[in-house]
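Chemist: Here you go, one structure.
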Amino acid sequence: MKKIAMLLVLAGFIAGSLTAQTANVPDNFVRINGGTFTMGSPANEPGRDSDEVQHQVTVSSFYMGKYEVTQREWFDVTGTTVQQQRDKADSSWPIYGEGDNYPMYYVSWLEAVEYCNKRSQKEGLTPAYTINGTNVTRNRNATGYRLPTEAEWEYACRAGTTTAYSTGARISNDTGWHEDNSGSTSHPVGQKPANRWGLHDMHGNVWEWCWDWYGTYPNRAQTDPTGASSGSDRVVRGGYWDYSAEFVRSAYRNSTYPSNRNYNFGFRLVRPAQ
């Protein structure tokens with residue numbers, strides 16, 4: 001009887017801990033518990049690029065959006081539509097999916113950062129960024145929304161896996177939106193199954209801006225890395241709806257200049273864990 005009582009107490013403690021971990025999770029976010037993983041890809045992974053050098057990375061816990069930021073979420077904060085964003089780039093370019101639940105795109109890195117601050121202020125949170133023209137610095141103690149670091153993004157995408165995709169060594173129709181199944185357009189968020197940690201569309205749909213300047217990976221272990229100290233290009237991750245399978249792998253890296261506003265650039269939010 002004593003053993004049973006102790007087990008019940010222990011079970012209650014564990015349940016209480018889990019409840020405490022999830023009680024303050026923002027709507028449409030999941031808690032990503034920190035841990036250590038191998039970032040990058042092995043030499044024999046099909047489609048691998050030379051900049052995917054494997055190294056050990058430890059990340060702290062954080063909250064991440066289940067979905068890419070939607071067109072409705074963007075409009076609610078900025079008052080602009082995907083067509084208006086498109087017109088800032090080139091009014092002759094197409095619209096690849098439009099509606100409240102489609103991912104927002106035609107968004108530059110700087111606009112994504114500005115959105116983070118505006119949404120934070122709207123919800124009474126401390127903005128994560130100080131923006132001075134094109135110079136942006138991050139306040140690590142802020143409570144507001146921000147872009148994930150490249151390491152956080154890959155850690156969350158992998159969701160404990162070591163394979164090329166979070167669904168296994170080969171891509172499938174359930175992995176995400178890519179050139180073989182997208183019909184050459186974006187799709188409403190959350191239509192493909194989530195990964196093991198509850199995140200949708202980490203493979204494909206639209207590219208997702210990360211905080212980091214693009215740079216060479218180190219050959220050493222790191223804790224909460226934030227990328228190169230400077231550079232010309234910011235990292236984008238995840239591939240998009242018109243890219244082939246090797247470009248939506250968990251480890252695949254891409255980058256572009258931060259003012260680039262294109263039909264396949266969107267983003268996903270993170271917040272600090274409580």
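The values are calculated or read from the model by the stated rules, or taken from the named source; none is laboratory data. Remember, predicted model here, so these are calculated numbers, not experimental data. Positions of Cβ are generated from backbone atoms using ideal geometry, with glycine treated the same way; all protein chains shown enter the neighbour counts.
Chemist: R31 - would you say it is more than 25 Å from F247 (Cα to Cα), out of contact with any Pro (no Cβ under 7 Å at 6 or more places or on another chain), at pLDDT 95 or above and in a strand (DSSP E or B)? Steps first, please.
Modeler: Details: more than 25 Å from F247 (Cα to Cα): yes; out of contact with any Pro (no Cβ under 7 Å at 6 or more places or on another chain): yes; at pLDDT 95 or above: yes; in a strand (DSSP E or B): yes.
It is true that R31 is more than 25 Å from F247 (Cα to Cα), out of contact with any Pro (no Cβ under 7 Å at 6 or more places or on another chain), at pLDDT 95 or above and in a strand (DSSP E or B).
Chemist: Going through A151, A169, A142, A159 one at a time, which residue ends up being among the small types (G, A, S), over 20 Å from W241 (Cα atoms) and over 18 Å from the mean Cα position of the chain (by Cα)? Step through it out loud before you land on a result.
Modeler: Details: A151 fails: over 18 Å from the mean Cα position of the chain (by Cα); A169 fails: over 20 Å from W241 (Cα atoms); A159 fails: over 18 Å from the mean Cα position of the chain (by Cα).
After ruling out the rest, the residue left standing is A142.
Chemist: Sticking with this one: Out of region 229-259, which residues are closer than 17 Å to Y217 by Cα and surrounded by fewer than 17 Cβ atoms within 10 Å (Cβ to Cβ)?
Modeler: S229, S230, G231, S232
Chemist: Condition first: in a loop (DSSP other than H, G, I, E, B) and closer than 19 Å to R138 by Cα. Now tell me which residues in region 192-230 satisfy that.
Modeler: Scanning region 192-230 gives Y214, G215, D224, P225, T226, G227, S229, S230.
Chemist: Just to check your reading of the model, which residue among Y106, Y145, Y115 is within 16 Å of G65 (Cβ to Cβ), of a type in the set (F, W, Y), surrounded by 23 or more Cβ atoms within 10 Å (Cβ to Cβ) and touching a residue at least 40 places away in the same chain (Cβ under 8 Å)?
Modeler: Working: Y106 fails: within 16 Å of G65 (Cβ to Cβ); Y115 fails: surrounded by 23 or more Cβ atoms within 10 Å (Cβ to Cβ).
Step by step, each of Y106, Y145, Y115 is checked, and only Y145 is within 16 Å of G65 (Cβ to Cβ), of a type in the set (F, W, Y), surrounded by 23 or more Cβ atoms within 10 Å (Cβ to Cβ) and touching a residue at least 40 places away in the same chain (Cβ under 8 Å).
Chemist: Could you list, in sequence order, all residues of region 34-57 that are touching a Phe, Trp or Tyr at 6+ places or on another chain (Cβ under 9 Å) and either among the charged types (D, E, K, R) or modelled with pLDDT under 95 (or both)?
Modeler: R48, D49, D51, E52
Chemist: Output the residues belonging to region 86-103 that are surrounded by fewer than 22 Cβ atoms within 10 Å (Cβ to Cβ) and closer than 25 Å to T134 by Cβ.
Modeler: Hits for region 86-103 are R86, D87, K88, A89, D90, S91, W93.
Chemist: Select from region 126-142 the residues that are outside any strand (DSSP E or B) and free of Cβ contacts under 8 Å to residues at least 60 places away in the same chain and list them in ascending order. So that I can check it myself, show each step before the final result.
Modeler: First pass over region 126-142, keeping only residues outside any strand (DSSP E or B): 126-128, 133-134, 139-142.
Correct list: T126, P127, A128, G133, N139, R140, N141.
Chemist: Let me ask you something else. Hey, could you check region 207-227 for residues that are buried (at least 24 other Cβ atoms within 10 Å of the Cβ) and not acidic (D, E) and say which is farthest from T134 (Cα to Cα)?
Modeler: To start, the set of residues in region 207-227 that are buried (at least 24 other Cβ atoms within 10 Å of the Cβ) comprises 207-212.
If we keep only those that are not acidic (D, E) as well, we get 207, 209-211.
Numbers: W207: 21, W209: 16, C210: 16, W211: 14 Å.
Checked region 207-227; the qualifying residue farthest from T134 (Cα to Cα) is W207.
Chemist: Can you tell me which residue within region 82-106, out of those that are out of contact with any helix residue (DSSP H, G or I) (no Cβ under 7 Å at 6 or more places or on another chain) and not in a loop (DSSP other than H, G, I, E, B), is farthest from G183 (Cα to Cα)?
Modeler: If we take residues in region 82-106 being out of contact with any helix residue (DSSP H, G or I) (no Cβ under 7 Å at 6 or more places or on another chain) and not in a loop (DSSP other than H, G, I, E, B), then K88 is farthest from G183 (Cα to Cα).
Chemist: Which condition does Y263 not pass, out of (1) modelled with pLDDT of 95 or more; (2) closer than 27 Å to T58 by Cα; (3) out of contact with any His (no Cβ under 9 Å at 6 or more places or on another chain), if it passes all the others?
Modeler: It fails just one condition, (2).
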